[in-house]
Amino acid sequence: MNTVKQLKKSSLPFSPKRSYSGKRHNLSAFGSTLLLASLLGTYLDLYFVGKQLYQFPIRPFPEIFSINIAFTLVGLPLFTLLFLYVSNRMTPFKRFLFIFMMSLFVAVFEKQAEALGYFRHSDEWKHYYSCIGYFLYMLLIWRFHTWRSNK
């Protein structure tokens, strides 16, 4: 195997070998963030379903799970992956607006899911709870992801 060495009298700057650990590190940050998103979503659903604030009338394995595991194990991580992908390309102000708009969209989406019978809230539930909750959820997920990416 031949290697090329820089001449001692060369005026070009020395170029050290590049490491590929950045991509592996970034994948690790994405993976751990998606795991946190899924676990956090699962436990929040278990808590709120246990408090009877909402329920999932249509869900996989209803005799085993009181929550919609398809959403928490597939839908939420996919949503989070898309959210992180888009958020990584934004300025902080645009990211804040994006998170705000997405949290508003969730409340509208929940209303649609209720109309279709996939979701049911108790009479005590206010949809602005969802807006605030998803805003804080996405903010936490983003902060965790940036912490893991910079670690």
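Taken together, the values in this text are just the output of simple stated rules run on the coordinates, not laboratory data. Note that the structure is a prediction, hence the values are computed from the model and not measured. Note that each Cβ is placed from the backbone with ideal geometry, even for glycine, and that neighbours are counted across all protein chains shown.
Once the piece of chain linking Q112 and Q52 is laid out straight, how much longer is it, given 0.36 nm per residue of separation minus the C-alpha distance between them?
19.6 nm
What order do you get for 44-54, 95-105 when each peptide is scored by the mean count of other beta carbon atoms within 10 Å, highest first?
95-105, 44-54
Rank the residues W125, W147, W142 as a footprinting-exposure proxy: fewest other Cβ atoms within 10 Å of their Cβ go first.
Going from sparsest to densest Cβ surroundings: W147, W125, W142.
So which GluC sites (Glu not before Pro) in segment 47-143 are both in a DSSP loop and have at most 10 other Cβ atoms within 10 Å of their Cβ?
The qualifying sites are E63, E124.
Quick one: H145, H121, H127, fewest Cβ neighbours within 10 Å first, how do they rank?
Result, fewest neighbours first: H127, H121, H145.
Return one quarter of the surface area of the convex hull spanned by the alpha-carbon atoms of segment 23-150, equal to its mean projected area, in nm².
Mean shadow area of the hull around the Cα atoms is 8.1 nm².
Taking θ as phi - 60°, what are the ³J(HN,Hα) couplings along segment 118-130 by the Karplus curve (6.51, -1.76, 1.60), each to the nearest whole Hz, with x for Gly and Pro?
7, 8, 9, 9, 6, 5, 6, 6, 10, 5, 5, 4, 5
Using a Förster radius of 25 Å, what is the FRET efficiency between E63 and W125 based on their Cβ-Cβ separation? Nearest 0.05, please.
The formula returns an efficiency of 0.50 here.
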